[in-house]
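Enquirer: The structure's right below; bear with me while I get my questions together.
Here, each number is a calculation from the coordinates, and none is a lab measurement. Here the structure is a predicted model, which means the values were calculated and not measured. Don't worry about glycine lacking a Cβ; one is built from the backbone with ideal geometry, like all the others, and counts go over all protein chains shown.
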Amino acid sequence: MTEETTEPEENQVLELYCEVCGEGPFSDKRKLNGHMLHHRKERQASDRDVEAEEQRQERVPVGVPRRKLTVGGKCPPNKVRRWFNDKPGRIEQALDGGYAFVRDKMKVGDGPVDGNQSMGQAMSRQVGTEDDGRPITAYLMEIDRELHEQDQAAKQAVVDRVDQMIGAGKFKEGPGDNRYVPPGGIRITSQTN
């Protein structure tokens, strides 16, 4: 089976229309292609504008406070994360208390530049300097939420004992203080919104 193709006669006018905007008719393919090139350039310019806008959204102006220790990615719901400065004995205390280094690949800090200084290892960031100029590095660590809540309850128990001692006028009491404690003790009130 052969397919017959008919060639347009020399005097026959082609009616070609743009598939993008419907403009036409164009008398030949060359003119239609020139018109289509205009659409491609518009689309490329639009793509560049979108890309530039996305980059602008990531930008953090100079001189504006930044959240340098924010971490991209979500913390698992059964974990609690916090930063520990690498001061003598501090990391060992955290490890002994049940904390572990976070080794996920995540972005650290605001803006387009990743502040994580140990990609693929324990998450870390320089957070300051010692008096002698050595850097202070903080490490992101996590603990099971249940252990964290037990730790918080233990810390709150100490605060509650101090509050009771203040209320009784006994906090850091020394011999011969001759303190005045009103009848019913000292009252501590808190105003929260």
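Enquirer: Please list, by residue number, every one of the chymotrypsin sites (Phe, Trp or Tyr not before Pro) in the stretch 120-193 that is coil in DSSP and has at most 16 other beta-carbon atoms within 10 Å. Walk me through the numbers before you get to the answer.
Expert: On the way: sites: Tyr139, Phe171, Tyr180; in loops: Phe171, Tyr180.
Those satisfying the criteria are Phe171, Tyr180.
Enquirer: Lysines within cross-link reach of Lys41: Cα-Cα under 27 Å, excluding same-chain residues under 8 positions apart?
Expert: The qualifying lysines are Lys29, Lys31.
Enquirer: Provide the net charge surrounding Pro135, with neighbours chosen by a C-beta distance below 11 Å and charges set as Lys +1, Arg +1, Asp -1, Glu -1. Before the final figure, lay out the partial values.
Expert: Details: positive: Arg125, Arg134; negative: Asp86, Glu130, Asp132.
Around Pro135, the charge tally is -1.
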